[in-house]
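First the structure, in the form of structure tokens, and then the observations on it.
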Amino acid sequence: MKFKLLYFGEILINPKKRAQHISDIRMQFHPQLKKLVQHQPWTNMTKFMQPGATKSPVTTRHIGGIDWNPIITPNLKLIAELDIQMLHPEIVGMARSDIDNRIKTLLDGLRAPQNEHEIGANTPRDIGPIYTLLDDDHLITKLSVNTSHLLGTDMFDPNITRTPDTIFMMIDVNVRVVEGNLENLPFMV
């Protein structure tokens, strides 16, 4: 099962308010993932993604007063392979900030928070469950990153403030099944 996630914004390597920065990244992925689970085969999984769900394996996590719905979880025996295309404003080969720390920040934004200290103060609490790609980043079994120069930003929202840390990413997600069962059978194609 494959799909793409898009991101346009800052990826800071050492922000002063790290939890809020990670929450801002999560909130860019949330509407894309919420839309994804409205389509097959993800619609089969939504019965496991409800507060108080009794069907096993329950995937919703309640942390910091918010319900979090990671779509790739060990409970569902799913893992992810990520292929990231990262376009940044720096000239290729002359990067201002290192790629490994940008990727670490991104991976934190793709996973559900592990405790309430990882939730930013401005994270919305009244929008229902928040969808994340991963329960935890240990579910990533393959990662590749290609970088290139971002030649223009005219096609993006003019209301987004552009800084030297503003990047565009296209993330190809390949969902794989670790161990087949009735719940993850639709992902084996």
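Quick note: the coordinates plus some simple rules give every number you see, no bench work behind them. Quick caveat, the model's predicted, so the values are computed rather than measured. So basically every Cβ, Gly included, is an ideal-geometry build from the backbone, and we count neighbours across all protein chains shown.
Values for this structure:
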| read-out | value |
| --- | --- |
| Potential extension, residue 90-residue 28 segment - 0.36 nm per residue separation minus Cα distance | 20.1 nm |
| Label-point separation, residue 136 to residue 43 (7 Å along Cα→Cβ), nm | 3.3 |
| Ranked by how many other beta carbons lie within 10 Å on average, peptides 115-123, 76-84 from highest | 76-84, 115-123 |
| Label-to-label distance, nm, for residues given as residue 143 and residue 114 (7 Å Cα→Cβ offset) | 1.3 |
| Over 18 Å between alpha carbons, listed pairs 4/35; 77/142; 17/142; 104/142; 34/104 | 17/142; 34/104 |
